[in-house]
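Presented below is the structure to which this report refers.
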Number of protein chains: 2
Amino acid sequence: MERVPVLKIGDFLLVSIQVDMEDQIALQLQEDLSARIVETGVHGVIIDITALDIVDSFVGRMLSTIAAISKVLDAETVVVGMRPAVAITLVELGLSLHGIRTALNVERGMELLARAREEEDLLGVEDDDEDAQDGAAVTS
Amino acid sequence: MERVPVLKIGDFLLVSIQVDMEDQIALQLQEDLSARIVETGVHGVIIDITALDIVDSFVGRMLSTIAAISKVLDAETVVVGMRPAVAITLVELGLSLHGIRTALNVERGMELLARAREEEDLLGVEDDDEDAQDGAAVTS
């Protein structure tokens, strides 16, 4: 069965969606991703959708679900690489990517996650994890 | 047409291959990747093949070609995420990934590229110009 790979890079996980998101693949991705978040203890997930020509309501819902699951597991989700045409269609369809942050590309997504982490640390959010204060160490 | 995204992360480009590599897609990837290397001036390319169930002679040749093109443009190529079954098949088929370095996962690939770069710097290879074609300085 086809599977979308989940890659660990520094303090975040990267998912590049390139195949059509059928039910089974989407469910498998949710499972794989949440397992990897728990296993690695990362605080950020970047989902790249450069390859997607269209984001319909199914894909939109899937992205929101992934963001919600990640959130419960203490990881922020950023969707990157959205094409202009996809953004236009999203708005025309009246779809909102609920609970999802977006950034232009992977690097800006990484910056956004690092900043979000710093702010959270500043606010004194409790974080038992051993790698609590290295949120900014990702970018160079 | 389907296209394999080329993502820039720090000082390297990441390509995650998930779709069947037909002629057109492979050619397009070669073009996109070489254009991005020139545009960004990176010195490393990581190709993730976690999603591939099989690497046949066509894919093997494509990877070698990409590595050779990158080399001429002064970028090292590392193939990561190869499944055990793929490695076994490769050897059984007698295919050698000519000119290609491999690493277990993206992070180890990044380390390998960083180390290779350091060694090259230590050897005193000139690197003032990002377009400098000093590909002849092969690291050990």
Report task. Enumerate the amide H contacts of B:ASP48 below 5 Å, restricted to partners 5 or more residues apart or on another chain; note that Pro and chain-start residues carry no placed amide H. Result -> B:VAL15, B:SER16, B:ILE17, B:VAL80
Report summary line: note: the protein assembly as shown, Cα-Cα separations exceeding 25 Å make up a percent value of 49 percent
Requested in this report: Report the local net charge at B:LEU13: Lys and Arg +1, Asp and Glu -1, summed over other residues whose C-beta lies under 12 Å from its C-beta.
Outcome: -4
Query - Accessible surface ranking that places the most exposed of B:LEU104, A:LEU33, B:LEU95 first, with a 1.4 angstrom probe - result: B:LEU104, B:LEU95, A:LEU33
Report summary line: Rounded to one decimal in nm, the spacing of the 7 Å Cα→Cβ label points at B:ASP53 and A:ASN105 is 3.4 nm
Report summary line: Debye calc, one equal point scatterer per Cα of the stretch B:1-58, no solvent, log10 I(q)/I(0) at q = 0.27 1/Å comes to -1.18
Report summary line: Across A:11-19, the residue-averaged tally of Cβ atoms belonging to other chains within 10 Å stands at 4
Query raised in the report: Got a number for the accessible area of B:ASP23? Probe 1.4 Å, square angstrom, nearest 10.
Result: 100 Å²
Query raised in the report: So what J values fall out for the stretch B:9-17 if you push phi through Karplus, 6.51 cos²θ - 1.76 cosθ + 1.60 with θ = phi - 60°, rounded to Hz, Gly and Pro as x?
Result: 10, x, 9, 8, 10, 10, 10, 10, 8
Report task. Please give the residues of the stretch B:1-29, grouped as numeric ranges, whose backbone N is less than 18 Å from a label point set 7 Å along the Cα-to-Cβ vector of A:THR89. Result -> B:1-5
Query raised in the report: Classify the stretch B:1-120: rounded, prolate or oblate, from the alpha-carbon gyration tensor (a ≥ b ≥ c, eigenvalue square roots; a/c under 1.5 rounded; otherwise prolate if a/b is larger than b/c)?
Result: oblate
Report summary line: Here the membrane-span-like helices of chain B, with no claim about any membrane, defined by DSSP H, Cα axial extent at least 18 Å and mean Kyte-Doolittle at least -0.5, are B:23-40, B:57-72
**Report entry** DSSP bridge orientation in the protein assembly as shown - percent antiparallel, rounded to nearest 5
**Finding:** 25 percent
Requested in this report: Under 1.5 on a/c is rounded, so check that first for the stretch B:68-110, then, if it is not, pick prolate when a/b is larger than b/c and oblate when it is not; a ≥ b ≥ c are the square roots of the alpha carbon gyration tensor eigenvalues.
Outcome: oblate
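The values are calculated or read from the model by the stated rules, or taken from the named source; none is laboratory data. Given the structure is predicted, the values throughout are model-derived calculations rather than measurements. As a convention, Cβ positions derive from the backbone with ideal geometry for all residues, glycine included, and neighbour counts pool all protein chains shown. Side chains are part of the model used for accessible areas, which takes the heavy atoms of the whole protein and leaves out ligands, DNA and RNA. Shrake-Rupley method; radii C 1.70, N 1.55, O 1.52, S 1.80 Å.
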